[in-house]
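Engineer: Pasting a structure here, questions to come.
No value in this document is a laboratory result; all are computed from the given coordinates. Owing to the predicted nature of the structure, the values given are computational and were not obtained by experimental measurement. We place every Cβ from the backbone using ideal geometry, glycine too, and count neighbours over all the protein chains shown.
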Ligand code: BES
Ligand code: ZN
Ligand code: ZN
């Protein structure tokens, strides 16, 4: 259910109100005439409770909510994250009291802080409930959020909403099971997302993929009954700030059974999320294109499922790539890198300013840092890496830089071919990144989102199921590029 968000110049007297400020002094100056002495005492006492962020006074036909930012001296990006979480907490309270319309009143919060709060509310309201016959229990009652603040314009709300819609579109793509979201359905859904936009979207079919000798994608696809696809989204605005594009390559594994090296039962159901990198690239492009950011950017997503089947890829096989690289396959479950290599070789044709891969690539990345961040590594991209890390802090999709020393290259040397698709027992996320780096000489950053892409249990405003990680990150990065002189 969509929440309508708009500016107001006069909070209705009978509305539910949400006061949120940075100091108690400011808060009390606003509410002293509204509350009776008992209520004022209650509020004062409650604000000292460190566990509660939002205090509620329930007047039955409406509610009054109050919040004071607990640590206003924190760095900006941490305050923003507190506000997203406050948005989540607020939505839970709205549900409890069945609040349908609320006016948020703030003098202290700046534009970014208000947007972060909205972000927390909107992303928390996302549900993937289309297969629940009766989803009424979990319905969000909040229909309208009015903002009473000088810090924000109506147009800020609208443009921010575009990005949040793309995050939710990403979650939908990830959450849809493979029986309804196979390769062709994924490609069709992406085409329809861009239908009324000025981007150029092309879906390469199997014949074209064969003619381009995308043998990694074709090999992984050998056990499947659905043909592979390669999605290319080009956004080249007339007033682009850059000549050579930023190219994003996302892993579009609509389902990863492991192939012949089939996975064990535990957790296999989450492998519908193995296209989260591809969905993230598509959805970030969606936000960039609909916001018409003046930056030349391209999104590339190789798409297939990975299954055991009649003529599946098997350990011991060798794949010959279009650049001449021979890859020895030692495990069919290390398939993401095999299809991404073709995506990267295709990306090289654009001579990118920077090439970013985003993928649910390794269990090793998940094991190393969990859901709390993105495992990242880079080659010839130091300044860009810092900027992306800065974006990661701003949107709180944080990057953890892993070493990417040349020494690791020896771990993917093959005895009978040029490289192999798995490393030794150590540094699994890095050797996967090294495999990808082999296929490009352009400035390169690899993002392994295996940890944060899918939450089996609800995780605050990031929700349950697909989190949409990477969408706000890549959007913010390109938005910063669009502001640069
Ligand atoms: N899709 C998986 C990685 C993954 C794991 C994503 C957990 C999300 C959550 C990937 O294709 C895979 O299976 N990787 C193997 C590689 C190994 C065989 C070298 C892994 O990490 O175990
Ligand atoms: Zn796998
Ligand atoms: Zn995979």
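Engineer: Please arrange 446, 366 by counting, for each residue, the other beta carbons lying within 10 Å of its beta carbon, fewest first. Working shown, then result.
Structural biologist: Details: 446 31, 366 20.
Final ranking by Cβ density, sparse to dense: 366, 446.
Engineer: For each of 394, 335, 410, count neighbouring Cβ atoms within 10 Å of the residue's Cβ, then give the residues from fewest to most. Each step should come with its number before you reach the end.
Structural biologist: On the way: 394 21, 335 29, 410 11.
Starting with the residue having the fewest Cβ neighbours, the order is 410, 394, 335.
Engineer: Using a basic spin-label model with each label point 7 Å from the Cα along Cα→Cβ, how many nm lie between residue 133 and residue 426?
Structural biologist: 5.6
Engineer: How far, in degrees from 0 to 90, does helix 428-437 lean away from the longest principal axis of the Cα atoms of the chain, to the nearest 10?
Structural biologist: 70
Engineer: In whole Å, what is the distance between the alpha-carbon centres of the range 143-183 and the range 7-33?
Structural biologist: 27
Engineer: Another one. Taking the 0 to 90 degree range and rounding to the nearest ten, how far is the long axis of helix 76-97 tilted relative to the main principal axis of the chain, both from C-alpha atoms?
Structural biologist: 70
Engineer: Write down, largest first, the equivalent ellipsoid semi-axes of the range 1-43 in whole Å, where each equals the square root of 5 times an eigenvalue of the alpha-carbon gyration tensor.
Structural biologist: Working: eigenvalues 114, 33, 24 Å².
Semi-axis lengths for the range 1-43 are 24, 13, 11 Å.
Engineer: From the C-alpha gyration tensor of the range 375-485, pull out the three semi-axes of the equivalent ellipsoid (sqrt of 5λ each), sorted largest to smallest, in whole Å.
Structural biologist: Values: eigenvalues 158, 79, 20 Å².
The equivalent ellipsoid of the range 375-485 has semi-axes of 28, 20, 10 Å.
Engineer: Can you give me the orientation-averaged projected area of the convex hull built on the Cα atoms of the range 356-410, in nm²?
Structural biologist: Numbers: hull surface 16.9 nm².
Mean projected area of the Cα convex hull: 4.2 nm².
Engineer: Hey, any idea what the orientation-averaged projected area of the convex hull of the range 122-278's Cα atoms comes to, in nm²?
Structural biologist: Numbers: hull surface 56.2 nm².
That works out to 14.1 nm².
Engineer: Using DSSP, restrict attention to beta bridges with both residues in the chain and report what percent are antiparallel, rounded to the nearest 5. Don't skip to the end; give the middle numbers.
Structural biologist: Numbers: 28 of 69 bridges.
Bridges in the chain that DSSP calls antiparallel: roughly 40 percent.
Engineer: On alpha carbon coordinates alone, what is the Rg over Rh value for the range 1-77, Rh being the Kirkwood radius? Present the calculation step by step, with values, prior to reporting the outcome.
Structural biologist: Details: Rg = 13.7 Å, Rh = 14.0 Å.
So for the range 1-77, dividing Rg by the Kirkwood Rh gives 0.99.
Engineer: Something else now. Cα atoms only, the range 129-202: Rg and Dmax in Å?
Structural biologist: Cα radius of gyration and Dmax of the range 129-202 are 16.7, 48 Å respectively.
Engineer: Taking the simple approach of a point 7 Å from Cα along Cα-to-Cβ for both residue 185 and residue 380, what is their distance in nm?
Structural biologist: Each label point lies 7 Å from its Cα, and together they span 4.1 nm.
Engineer: Please give the contour-minus-distance gain from residue 331 to residue 150: 0.36 nm per residue of separation, less the Cα-Cα distance, rounded to one decimal in nm. Can you show the working numbers first?
Structural biologist: Numbers: separation 181, 0.36 × 181 = 65.16 nm, distance 5.78 nm.
Here the segment from residue 331 to residue 150 would lengthen by 59.4 nm.
Engineer: So what is the relative contact order of the range 189-280, in percent, for Cα pairs below 8 Å that sit 6 or more residues apart? It would help to have the intermediate numbers written out before the result.
Structural biologist: Values: 78 pairs, mean separation 23.3, N = 92.
It comes to 25 percent, rounded to a whole number.
Engineer: I would also like to ask the following. So what is the calculated 222 nm ellipticity per residue for the chain, using -39500 (n - 2.57) for each DSSP H run with n of 4 or more, over all residues, to the nearest 500 deg cm²/dmol?
Structural biologist: On the way: 14 runs with 172 residues, N = 485.
Taking each H run of at least 4 residues, the total per residue is -11000 deg cm²/dmol.
Engineer: While we're on this one: Can you tell me the order of 86-92, 356-362 when each peptide is scored by its average per-residue count of other Cβ atoms within 10 angstrom, highest first? Can you show the working numbers first?
Structural biologist: Values: 86-92: 21.4, 356-362: 30.0.
My ranking of the peptides, most packed first, is 356-362, 86-92.
Engineer: So what are the three principal axis dimensions of the range 383-429 from its Cα atoms, in whole Å, longest to shortest?
Structural biologist: Over the range 383-429, Cα extents along the principal axes are 45, 21, 14 Å.
Engineer: When the distances between all Cα atoms of the range 4-149 are binned every 5 Å from zero, what whole-number percent does each bin get?
Structural biologist: 2, 9, 20, 23, 21, 14, 7, 3, 1, 0
Engineer: In a solvent-free Debye calculation with one equal scatterer on each Cα, what is log10 I(q)/I(0) for the chain at q = 0.10, 0.11, 0.12 Å⁻¹, listed in the order of the q values?
Structural biologist: Result of the Debye calculation: -0.75, -0.88, -1.01.
Engineer: Within a 10 angstrom radius of the beta carbon, how do 474, 34, 83 rank from fewest other beta carbons to most?
Structural biologist: On the way: 474 28, 34 12, 83 25.
Listed from fewest to most nearby Cβ atoms, that is 34, 83, 474.
Engineer: If a/c stays under 1.5 just call it rounded; otherwise compare a/b with b/c (prolate if a/b is bigger, oblate if not). Do that for the range 305-379, with a ≥ b ≥ c from the square roots of the Cα gyration tensor eigenvalues.
Structural biologist: In terms of gyration-tensor shape, oblate.
Engineer: If one takes the longest principal axis of the Cα atoms in the chain, at what angle in degrees, from 0 to 90 and to the nearest 10, does the Cα axis of helix 471-483 lie?
Structural biologist: 80
Engineer: For the range 248-380, what is the convex hull (Cα atoms) projected area averaged across all directions, in square nanometres?
Structural biologist: 9.7
Engineer: Testing the spin-label approximation: label points 7 Å from Cα along Cα→Cβ at residue 238 and residue 34. State their distance in nm.
Structural biologist: 4.8
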